[in-house]
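Report on the following structure.
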Amino acid sequence: MAFGKKKASSAIDIAEQQRQREQVEVEAEFRKGITTLRDIIAPSSLEIQSSYFRLGTKYGRTLYIYGYPREIYTGWLSSIINVDEVVDVSMFIYPVESQVVLNNLRKKVGQLEASMQLNAEHGKVRDPALEAAIQDAEELRDQLQVGSERFFRYGLYVTMFADSLDELGYVQHKIETILGQQSILSKVASSQQEQGLNSTIPQMSDQLQIRRNMNTGAISTSFPFTSADLTQNDGVLYGINMHNNGLVIFDRFKLENANMVVFAKSGAGKSFAVKLEALRSMMTGSDVIIVDPENEYQRLSEAVGGSYIRLSLNSDVRINPFDLPRVIDSEEADDALRANLVTLHGLLRQMMGGAQMTASGALMPALNPAEEADLDQALIDTYARAGITSDPLTHGSTPPVIGDLYDTLLHMGGSGPSLAQRLRKYTTGTFAGIFSQQSNIDLNNHMVVFNIRDLEDELRPVAMYIVLSHTWNRIRTDQRKRMLIVDEAWQLMKYDDSANFMFSLAKRARKYFLGLTTISQDVEDFMGSKMGRAIVANSSMQLLLKQSSSAVDVLSDVFKLTEEEKKRLSNFPVGQGLFFAGQNHVHIEILASPTEQSLITTNPQQLQQMQQAQDLQNQGVKPPETLQAGYNGTNVQI
């Protein structure tokens, strides 16, 4: 029995040894296939032709850059880096000793000057290119001599890939067009495609060796990391980033403040952009209050079930500028009357004519110091007669109206009677009624639009001031996430008091969970005001759409735009512009869905098409495709 067990054990050992030998052979065969990293990443095949190469199933072609314009702007390479194609870009920078360059420049300048002198002796017409070359060489010599510039040799290669030769030709044409628009010259690396491929794969091997002389300033413009990504994880969609086709998504209430300014010439799409933001912000829970001087927001308000308040001398709407906010905060409550008195001082100065310019150019205030003192006392007395004092417990009483102030001024000494006469047109005169009775408006809605189009030009700035003051009191009373949109804000910036009030709103809005949006097409007037520039400085977001030529220089100085951005700013198509958020900005295109566009567009052509389509549908007739497209908002740009 022991012998039988030994034979069985030997058979098991032999089987185990055989299994181990087979396992070792399998592992050896496996290792033969992964001997090196190059074997892992290498394509299945590589075919080199004179004008292209084939890498597996992909076709590729290498271009080299050999010519540049005399001047080149910062970020010129971003259009290639962000192009929506598969490309590899490789650049090689070789520093050159300044003394070597200076010696060569000295010889070159001598040759150029000799050529110009020979041309002059032979009576030839002057050569501007020769003169420019001498000037550039001399400037570079000076900069190298003092050490403010260095000199480099610069090589730039682009390898593009496609699935077919026809597609590769299309990509090449696209790249060459982008470069050609900037006067940058490129060529295919004929019979050097293998060297071109080796020069653009990450192995730091410049096998083409096609280089161009560049100084520090010129070479810095080719900084490759220029893809501006300006977005957040949540918020509303503002548009498409034209640098890389990414989405520009922002929650303005997560920035330092939620204020925004929008500048554009008439017809550039500023109201469209703001209406689109308002519509999308409502979906995130924001309330929207709009001051509308041109009746542009009525259709949007009706579409979302908002309150549309039309202010005119013939309407029944009344707003009392003497209303007080009913604030809960004890410190705010103690200060409520004092703050409203300050606001009323500014409003009444504007109602009485505002500051006047004398013949000598000096600014004469609407009220002299004595009149200011009398007005202040009259305001305090008017509130006191209504039972309202600095005690917050009295602030629930019915506030006075402007007629009560008129009576107080009329029966007091000093300059009171003359001030009363200046107010009479708002109490019993032409402008009586609209601001001389108790308020009857309700701001309890997710969207409230104040339309002031039908007011006289003289009354419109006063109305904007009173509407903003009334809205501000409501915002302080009931704090929630809100946007306050002031269209045509330049009308307020013409007067010191209303400009100061706008700045006060911009400065204090963040505390009350408010985002102020200021819109203006008269950039010169807005930015010419000290308060206007202060409002811009207190706005974390800015949107600059197409501008008039005269406004470009003003905005360029404020926003520190490059020469290329200045040039684009006056040539942007409708709906495109520069979008600033904090310290960064991008080129943005504002796009709306067909439904959104049908709700907010003010384009006369599109509105006419929509009306025609609606009329046909009401008659039971299917509209033609062209009208249906207009009704859906798909055939007319912003």
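Worth pointing out:
- Every test in (1) over 26 Å from MET493 (Cα atoms); (2) modelled with pLDDT of 80 or more is passed by LEU616 save one, and that test is (2).
- Residues of region 56-71 that turn out to be crowded, with 18+ Cβ neighbours inside 10 Å and either closer than 30 Å to GLU139 by Cα or not β-branched (Val, Ile, Thr) (or both), as a count: 7
- Every listed requirement among (1) in contact with a helix residue (DSSP H, G or I) (Cβ under 6 Å, 6 or more places away or on another chain); (2) aliphatic (A, V, I, L, M); (3) farther than 24 Å from ASN538 by Cα is met by ILE240 save one, (1).
- Members of region 227-262 found to be of a type in the set (D, E, K, R) and within 26 Å of PHE503 (Cα to Cα), listed by number: ASP251, ARG252, LYS254, GLU256
- Residue list for region 419-441, filter: free of Cβ contacts under 8 Å to residues at least 40 places away in the same chain, over 22 Å from ILE388 (Cβ atoms) and either touching a Pro at 6+ places or on another chain (Cβ under 9 Å) or outside any loop (DSSP other than H, G, I, E, B) (or both): GLN421, ARG424, LYS425
- When THR428, THR394 are checked against the criterion of being touching a Gly at 6+ places or on another chain (Cβ under 7 Å) and farther than 25 Å from ILE289 by Cα, THR394 stands alone in meeting it.
- Comparison of LEU341, LEU313 shows that the only residue that is surrounded by fewer than 21 Cβ atoms within 10 Å (Cβ to Cβ), out of contact with any Pro (no Cβ under 7 Å at 6 or more places or on another chain) and farther than 24 Å from ARG508 by Cα is LEU313.
- Among the candidates LEU63, LEU77, LEU105, LEU55, residue that is under 30 Å from GLN192 (Cβ atoms) and touching a Leu at 6+ places or on another chain (Cβ under 7 Å): LEU55
- Qualifying residue in region 133-148 (condition: under 21 Å from ASN215 (Cβ atoms), β-branched (Val, Ile, Thr) and either in the same structural domain as MET214 (by TED's automatic domain parsing) or not in a helix (DSSP H, G or I) (or both)): yes
- Scan of region 76-94 for residues that are among the hydrophobic types (A, V, I, L, M, F, W, C) and more than 15 Å from GLY246 (Cα to Cα), ordered by number: TRP76, LEU77, ILE80, VAL86, VAL87, VAL89, MET91, PHE92, ILE93
- Any hit, region 352-372, residues being of a type in the set (A, V, I, L, M) and either farther than 20 Å from TYR495 by Cα or modelled with pLDDT of 85 or more (or both): yes
- ASN571 being among the polar types (S, T, N, Q) and either touching a helix residue (DSSP H, G or I) at 6+ places or on another chain (Cβ under 6 Å) or at pLDDT below 80 (or both): no
Rundown of residues vs (1) in the same structural domain as VAL158 (by TED's automatic domain parsing); (2) hydrophobic (A, V, I, L, M, F, W, C); (3) assigned to a loop (DSSP other than H, G, I, E, B); (4) free of Cβ contacts under 8 Å to residues at least 24 places away in the same chain, yes/no style:
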{"site": "GLU194", "(1), (2), (3), (4)": "yes, no, no, no"}
{"site": "SER199", "(1), (2), (3), (4)": "yes, no, no, no"}
{"site": "GLN203", "(1), (2), (3), (4)": "yes, no, yes, yes"}
{"site": "LEU208", "(1), (2), (3), (4)": "yes, yes, yes, no"}
{"site": "MET214", "(1), (2), (3), (4)": "yes, yes, no, no"}
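- Counting only strands (runs of 3 or more DSSP E) that fall entirely inside region 246-305 and contain at least 3 residues that are under 16 Å from the mean Cα position of the chain (by Cα), the qualifying elements are 246-250, 260-263.
- Only residues that are farther than 21 Å from ARG280 by Cβ and crowded, with 16+ Cβ neighbours inside 10 Å were counted across region 444-453, and they come to 3.
- Inter-residue pairs, beta-carbon under 8 Å, first more than 25 Å from ALA592 (Cβ to Cβ) and surrounded by fewer than 13 Cβ atoms within 10 Å (Cβ to Cβ) and in region 562-574, second at pLDDT 85 or above and among the acidic types (Asp, Glu), 6+ apart: none
- Residue in region 246-263 that is closer than 30 Å to TYR68 by Cβ, free of Cβ contacts under 8 Å to residues at least 24 places away in the same chain and assigned by TED's automatic domain parsing to the domain that holds LEU543 present: yes
- Hits in region 525-555 - residues which are polar (S, T, N, Q) and under 14 Å from the mean Cα position of the chain (by Cα): SER539, SER540, GLN542, GLN547
- In region 276-326, residue modelled with the highest pLDDT [restricted to those that are among the charged types (D, E, K, R) and closer than 16 Å to LEU468 by Cβ]: ASP287
- The one condition from (1) in contact with a strand residue (DSSP E or B) (Cβ under 7 Å, 6 or more places away or on another chain); (2) closer than 21 Å to VAL86 by Cα; (3) polar (S, T, N, Q) that GLN203 does not meet is (1).
- Residues in region 442-465 include none that are outside any loop (DSSP other than H, G, I, E, B), of a type in the set (S, T, N, Q), in the same structural domain as GLU294 (by TED's automatic domain parsing) and closer than 20 Å to PHE501 by Cβ.
The values are calculated or read from the model by the stated rules, or taken from the named source; none is laboratory data. Small disclaimer: the values here were computed from a predicted structure and weren't measured. Reconstructed Cβ throughout: ideal geometry from the backbone, glycine too, with neighbour counts over all protein chains shown.
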